[in-house]
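A short write-up of the structure that comes next.
The values are calculated or read from the model by the stated rules, or taken from the named source; none is laboratory data. Every value quoted in this text rests on a predicted model; they were computed, and no experiment measured them. Cβ placement follows ideal geometry from the backbone for every residue including glycine, while neighbour counts extend to all protein chains displayed. Protein only, heavy atoms only, side chains kept; ligands, DNA and RNA dropped before computing areas. Shrake-Rupley method; radii C 1.70, N 1.55, O 1.52, S 1.80 Å.
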Amino acid sequence: MTEHAGLRHVRYVLSDNPVTAGSFALFGLFLVLALVGPWIAPFDPLETDPSKVLQPPSAQHWFGTDQLGRDILSRVIVATGLDFGMALAAVLLSFGIGCALGACAGYYGGWIDRVVSRLADTIMAFPLFVLAMAIVAALGNTVENIIYATAIINLPFYIRVARSEVNVRRNAGFVEAARLAGNTEARILAFHLFPNILPPVMVQISLNMGWAILNAAGLSFIGLGVRPPQPEWGIMVAEGASYMISGEWWVSFFPGVVLMLAVFCFNLLGDGLRDMIDPRRRT
Amino acid sequence: MLRLIGKRLLAAIPNVIGIVIVTFVLTRALPGDPAAFYAGPAATQEAVEQIRASLGLDQPLWGQFIDYVGDLARGDLGLSVSTGQQVLDEILRRLPASLELTLLGLLVACAIALPLGILAATRPGSWVDHACRLVTTLGVSLPIFFTGLLLAYVFYYLLGIAPPPVGRLDSMYSPPAHVTGFYLVDSLLAGDPELFFAAGKQMVLPVLTLAIFVLAPLARMTRAAMLGVLSSDFVRTARASGLSAATVLYRYAFRNAMLPVVTTLGMVFSFMLGSSVVIEKVFAWPGIGSFAVDALVQSDYAPVQGFVLVMALLFVTLNLMIDLLYTLIDPRVSIDD
């Protein structure tokens, strides 16, 4: 398929499915917020104001103010960068390590395959969120360790996809041809087989991003990783939790809704990507 | 059949070994020096060394590992520094609260998800189908702690029909006599319907929160599996032979569609056990998850390790039960053996 036809296919899928187009737009908006958030936030996200404690949403403070008088809209905007950054770093880490391990396991087989598969099975033997909790507890309570923990619990998915995709192609005609042409095994793996596992993995990445954001926010909600006063969606929901049942709903509500939208956006994006990549949908 | 069960049990052993190794490694990777932590800030160097020796931390790593496995075999998960209690006792006391919540949540989720998935699959393109798709996509996107808080806000603060979201029982009641540890069962055994409803009322919101979360993957899988089975040859043959629609749907299609759904239950349990931790924090539920979270915040690590180990073993057991359930509903599995 030429580049031109590829673009036309993307446009076809987008026009066919307005929800996917909408999720792309929403993703763009989040990306802008993540990149330039600190510069477009109307207030300083850390500035407290005792005279404006727990004010409901108003023209000046669209999302209201929290228990220290900080502007919630500004905090939600600035938090986008941290939440997206944590999820992206975690997903890229597990993508890189998981694909490398899985591809080697699928290509070479033997003891490498046994060790890698056993590793994936062992990770999957834990309830994943609980394992993430344990890893953060053991490594120390920092943002980096939240990223490592999220990356580790996502590893098995990438290992399995990469392993099975490489395994079915290890003796395919084009691999034999590459081998006869004198390519080294490592080169075949990196330049001939690896591009083939990218499409299914891209879908996995998008679905994983949503899950990674939820996971990181969940860990901060129970008090791990991100420390106050740093704005982060999960911790903001946690800070507002006790006000929720006394009627000050906005403290938790807005960060919660934005978090939900972000996850929703990635899930729709993953479904849309799958439609684009799945050849059965191509006409 | 017995041979099959034995084989499945054997297959779980590597997983258990893996779990023990991982929890051991996580124990050793802890920040700081446990000996200095137990000795307290005012301890002298000799006192710290003495405690190090008594904890077995002066031994090589493999020696420590053997000690660790020995402790586990004796059921010794260590002492909680913050409560001064044996971790195992505390976990066993709190486990029923967590299990009651999780099992009931799964039951409610299945009760909604299976009919929803079947309806969506038998009427593709209808409003039920669209509702199913909306529910499944929304359900996986909702942060579980946020759903819980929203439900508490709406049903407790706005409508005033739910009890305050704190704990298993309103403080005006005393818990039923301990038999199973499940308040709903124990209150019935004690013949106290008022207590049963009081405990039930406390459970509605957390159970609903958990069910909404778990609903999504279950309904999605049921719908996909039903769609696949309904378009298969044997269903067409059954229809062509003039069997009634209900017989085709429930005896032919449903039973076969359940196989992939049962397989996904493993993933569902993983999500449920993880999210129960968060739910227990939201609803101040005195289960093992909130025990671990409280301990974690106070840097009291023995309960956290015990909790992780118990959760992982629970998960392995659940997966084992899923495997057995699978062989029960799919006779082909045991024939293949």
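Can you go through A:Leu131, A:Leu92 and tell me which one is at pLDDT 80 or above and open to solvent by 10 Å² or more (accessible area, probe 1.4 Å)?
Just a single option satisfies the conditions, and that option is A:Leu92.
Anything in the range B:147-191 that is more than 14 Å from chain A (Cβ to nearest Cβ), without any contact (Cβ under 8 Å) to a residue 12 or more places away in the chain and under 30 Å from A:Phe254 (Cα atoms)? List them, or say none. Selection gives nothing.
Screening the candidates B:Ile13, B:Ile19, B:Ile91 for the property of being open to solvent by 70 Å² or more (accessible area, probe 1.4 Å) and modelled with pLDDT of 80 or more yields one hit, B:Ile13.
What about A:Gly81, is it modelled with pLDDT of 90 or more and either over 12 Å from the mean Cα position of the chain (by Cα) or on the phi > 0 side of the Ramachandran plot (or both)? Taking the combined requirement at face value, the residue does not satisfy it.
Considering B:Val304, B:Val308, B:Val316, B:Val278, the condition of being within 9 Å of chain A (Cβ to nearest Cβ), outside any loop (DSSP other than H, G, I, E, B) and surrounded by fewer than 23 Cβ atoms within 10 Å (Cβ to Cβ) is satisfied by B:Val316 alone.
How many of the residues in the range A:38-70 are among the aliphatic types (A, V, I, L, M) and either in a helix (DSSP H, G or I) or touching a strand residue (DSSP E or B) at 6+ places or on another chain (Cβ under 6 Å) (or both)? Going through the range A:38-70 one residue at a time, the tally reaches 1.
Condition (residue is buried (at least 19 other Cβ atoms within 10 Å of the Cβ), more than 27 Å from A:Leu207 (Cβ to Cβ) and of a type outside the set (D, E, K, R)) applied to the range B:136-154: is it met by at least one residue? Yes: the range B:136-154 contains one or more residues that are buried (at least 19 other Cβ atoms within 10 Å of the Cβ), more than 27 Å from A:Leu207 (Cβ to Cβ) and of a type outside the set (D, E, K, R). Scanning the range A:239-257 for residues that are open to solvent by less than 30 Å² (accessible area, probe 1.4 Å) and either over 16 Å from B:Val166 (Cβ atoms) or under 27 Å from the mean Cα position of the chain (by Cα) (or both) yields A:Gly240, A:Ala241, A:Gly247, A:Trp250, A:Val251, A:Ser252, A:Pro255, A:Gly256.
Selection of first residues in the range A:235-254 that are free of Cβ contacts under 8 Å to residues at least 24 places away in the same chain and of second residues that are open to solvent by 30 Å² or more (accessible area, probe 1.4 Å) and outside any helix (DSSP H, G or I), restricted to Cβ pairs under 8 Å at least 6 apart or on distinct chains, gives the following pairs, ordered by first then second residue: A:Ile235/A:Pro228; A:Ala238/A:Gly223; A:Ile245/B:Pro164. Scanning the range B:234-246 for residues that are open to solvent by 10 Å² or more (accessible area, probe 1.4 Å) and closer than 23 Å to B:Thr222 by Cα gives B:Phe234, B:Arg236, B:Thr237, B:Arg239, B:Leu243, B:Ser244, B:Ala245, B:Ala246. Set side by side, the residues B:Ala47, B:Ala42 differ, and just one is surrounded by fewer than 16 Cβ atoms within 10 Å (Cβ to Cβ), part of a loop (DSSP other than H, G, I, E, B) and not assigned by TED's automatic domain parsing to the domain that holds B:Leu296, which is B:Ala42. Restricting to the range A:56-70, name every residue that is farther than 19 Å from A:Ile235 by Cα and open to solvent by less than 80 Å² (accessible area, probe 1.4 Å). Result: A:Pro56, A:Pro57, A:Ser58, A:His61.
Of all residues in the range A:217-240 being touching a Ser or Thr at 6+ places or on another chain (Cβ under 6 Å) and part of a helix (DSSP H, G or I), which is nearest to the other protein chains (Cβ to nearest Cβ)?
Taking the candidates together, the pick is A:Val237.
Restricting attention to the range B:289-301, the residues being assigned to a helix (DSSP H, G or I) and facing another protein chain (nearest Cβ under 10 Å) number 9.
Applying the set (1) farther than 20 Å from B:Met272 by Cα; (2) open to solvent by less than 50 Å² (accessible area, probe 1.4 Å); (3) assigned to a helix (DSSP H, G or I) to B:Pro163 leaves exactly one unmet item: (3). Among the numbered conditions (1) modelled with pLDDT under 80; (2) open to solvent by less than 40 Å² (accessible area, probe 1.4 Å); (3) not aliphatic (A, V, I, L, M), the only one that A:Trp233 does not meet is (1). Across the range B:247-275, which residue is most open to solvent (accessible area, probe 1.4 Å) among those that are farther than 30 Å from A:Gly240 by Cα and within 14 Å of chain A (Cβ to nearest Cβ)? Only one residue fits best here, namely B:Thr263.
The lone criterion from (1) over 20 Å from B:Arg220 (Cβ atoms); (2) modelled with pLDDT of 80 or more left unmet by A:Cys265 is number (1).
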